[in-house]
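J.: A single structure is presented below for examination.
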Amino acid sequence: MSERDTTFGALAAQFLKATITLEGTIHEGLEHVGKRIEATAKKEIGTYQPEVGQFPAWAPLAESTMADRVAQGFPADEPLLRTGELRDSISHEVRGHEVAIGSTSDVMVFQELGTSRIPPRPVLG
């Protein structure tokens, strides 16, 4: 094997090592970002949120909703928070060079977008 082959081989090995290191660093960074956004979204549950960009401020809970909450033993005015199930359904997942933050709850879709009976209360938007 010539010196030239060894030099190119060593360079290729260095590139491979750098690529593996970079991929690990990217994954760690995305994991960190995912955890922070997940935590922020979870903190929004139970607290009225202001308007942010295209996302509206959360409307106050209806009197009937607050009365129902109290009747079931929950505080009257903690929007989207009763048992913590909705909050706990929020998670993140790193896939390649992307991080997805979402919820496994169908209820989150109704809250995020609103329905004919409830105003939108975006958490993930």
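The values are calculated or read from the model by the stated rules, or taken from the named source; none is laboratory data. Bear in mind the structure is a predicted one, so any value in this text is a computation, not a measurement. For neighbour counting, all protein chains shown are included, and Cβ atoms are generated from backbone atoms with ideal geometry for every residue, glycine included. All accessible areas refer to the heavy atoms of the entire protein, side chains included, with ligands and DNA or RNA removed. Shrake-Rupley method; radii C 1.70, N 1.55, O 1.52, S 1.80 Å.
J.: Counting just the residues of region 104-125 that are open to solvent by less than 40 Å² (accessible area, probe 1.4 Å) and of a type outside the set (A, V, I, L, M, F, W, C), which one comes out nearest to PRO60 (Cα to Cα)?
T.: Restricting to residues being open to solvent by less than 40 Å² (accessible area, probe 1.4 Å) and of a type outside the set (A, V, I, L, M, F, W, C), the top hit is ARG121.
J.: Only residues that are part of a loop (DSSP other than H, G, I, E, B) and of a type in the set (S, T, N, Q): list them for region 41-95, please.
T.: THR47, GLN49, GLN54, GLN72, THR83, SER89
J.: Still on this model: Take the residues in region 75-90 that are open to solvent by 50 Å² or more (accessible area, probe 1.4 Å) and of a type outside the set (D, E, K, R); name whichever of them is modelled with the lowest pLDDT.
T.: The qualifying residue modelled with the lowest pLDDT is THR83.
J.: Identify the single condition in (1) more than 26 Å from HIS97 (Cα to Cα); (2) part of a helix (DSSP H, G or I) that GLU38 does not satisfy, given that it satisfies every other one.
T.: Failing condition for GLU38: (1).
J.: Please go through region 96-125 and give me each residue that is touching a Lys or Arg at 6+ places or on another chain (Cβ under 8 Å) and part of a strand (DSSP E or B), ordered by number.
T.: Matches in region 96-125: none.
J.: Among the candidates ILE20, ILE26, single out the residue that is among the β-branched types (Val, Ile, Thr), touching a residue at least 60 places away in the same chain (Cβ under 8 Å) and more than 20 Å from GLU112 (Cβ to Cβ).
T.: Checking each option against the conditions leaves just ILE26.
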